[in-house]
Amino acid sequence: MSSPDRVIDIPALGYGAANVGNLFRALSDDDAWAVLDAAWESGIRYYDTAPHYGLGLSERRLGAFLQTKPRDEFVLSTKAGRLLRPNPEHTGGLDTANDFHVPDDLQRVWDFSADGIQRSLDESRERLGIERIDLLYLHDPERHDLDLALAEALPAMEQLRADGQVAAIGIGSMVSDALAAAVRSADLDLIMVAGRYTLLEQPAAADVLPACRETGTGIVAASVFNSGLLAASEPRRDGRYEYGQLPDDLWDRLVRIAAVCADHDVPLPAAAIQFPLQAAEVRSVVVGGSRPAQLEQNAEYAALAIPAELWQNLAAEGLIPAR
C-alpha cells in the first residue's frame, strides 16, 4: 500500500508534452519552446513526457526548456517500457503510423526486464539532460504483455524507488483492467488514467478508483478532452473519438452534458478539466496543447470557479457518478 508520507506533492494541473514531440503535426523548435514557455508562464509546474512521444523528441525539447528553470520548482515524469533503438528499415520516412511527424530512424523496442527498465530511465535522463526524474510510469503495459509487466517491470520499478533513483512510480494506460490489475498487484504511488475518467465517460469509476481508494494510490487524469470532443463549448458531431467515429450514444450524452454546462454558464472545457478533480483519488489533471493560446486558456479554465450545482445536476441526470 502506498504510504501517504511518500507520495510526491504533485500540482493539480500538468502539461502532457506529446505535442512538442510533433504529435499530429510538426512544430519547429521555436514553436515548441513557445508552447512550453506559455505553460510555465501560466503557472503549470508538472510536466509529463515519454520516449514514445516523437521517438525522444519530446524529452529532448522538454528537457532543454526545463534546464532553464530551478529544479525544485517543477515535477517531472517520464515513462518506461519502450526502448528507442536504430530502425534498420528507415528509408527517410516519418513515424506517422504512430501519429508523430518525426523521422522514423528509431524504433520502439519493448523491454520489461529489470535491465530494460533501468536503461530506459538512464536514456531518458540523457535525452532530458536532467538527472532527477520525480515520477516514472510504465507506459501502456497491456499493449505488450501485462502479466510480464506485473511480474518483472513493476518490481524493477519498485527497486528503482527503493534505491532513490525516482521518488514515485506508477503506470500509464487507457485500459481500466490493466490499471486496476497493476494497482492491486504492485505498490504504486500514482497512476495515469488516460481517457477512462472524463466528464464524458467514467469506466474507471467501476474498478480503478475503488482499487486506488483501497491502496492509497493517487490518480493523474489525462486525455480529459476525449480526443478533443470536450475541448470546445459547442461539440461537433464529426469529432474524432479514440481512433474512429463518435458513437451515437456518446454523442447524445455529450449534447446533454454541454446543455447542463451552458445552463450554468460554464465552458464545457472548464468542466472537463475540473471534473476528475472532484474525486478524492485524483491528484492532478494533465492537458496537452500545441499552441501557446491553448495552454493559457486551459490554465484559465482550471482556475475558473464552477458552482457545485453543476456537478449536482450532472449527477442527478446520470451523466456523472453521484458522490
- Message: Just the residues that are open to solvent by less than 10 Å² (accessible area, probe 1.4 Å) and assigned to a helix (DSSP H, G or I), please, taken from the range 193-217.
- Response: A204, V208, L209, A211, C212
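From the set of residues in the range 270-291 that are assigned to a helix (DSSP H, G or I) and either over 15 Å from S233 (Cα atoms) or touching a Leu at 6+ places or on another chain (Cβ under 6 Å) (or both), which is most open to solvent (accessible area, probe 1.4 Å)?
So the residue we want is Q278.
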- Query: Between residues in the range 239-266 that are part of a loop (DSSP other than H, G, I, E, B) and residues that are polar (S, T, N, Q), which pairs lie under 8 Å by C-beta distance while being six or more apart or on different chains?
  - Reply: G239/S227; E242/S227; H264/N313
- Within the set of pairs 6+ apart or on separate chains, which have a first residue in the range 57-69 that is open to solvent by 10 Å² or more (accessible area, probe 1.4 Å), a second that is aliphatic (A, V, I, L, M), and C-beta atoms under 8 Å apart? L57/V20; L57/V102; R60/L128; R61/A17; R61/V20; R61/A32; R61/L36; Q67/I130
- Message: Looking at the range 80-119 only, could you name the residues that are assigned to a strand (DSSP E or B), buried (at least 20 other Cβ atoms within 10 Å of the Cβ) and in contact with a Gly (Cβ under 6 Å, 6 or more places away or on another chain)?
- Response: F100
- Query: Can you pull out the residues in the range 244-261 that are over 25 Å from the mean Cα position of the chain (by Cα) and either charged (D, E, K, R) or open to solvent by 60 Å² or more (accessible area, probe 1.4 Å) (or both)?
  - Reply: D248, D249, D252, V255, R256
- Of the residues in the range 195-248, those that are touching a Cys at 6+ places or on another chain (Cβ under 8 Å) and farther than 22 Å from V266 by Cα come to G218, I219
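The values are calculated or read from the model by the stated rules, or taken from the named source; none is laboratory data. All values derive from a computational prediction rather than experimental measurement. Please note: Cβ atoms are built from the backbone with ideal geometry, for glycine as well, and neighbour counts cover all protein chains shown. The accessibility values were calculated without ligands, DNA or RNA, using every heavy atom of the protein model including side chains. Shrake-Rupley method; radii C 1.70, N 1.55, O 1.52, S 1.80 Å.
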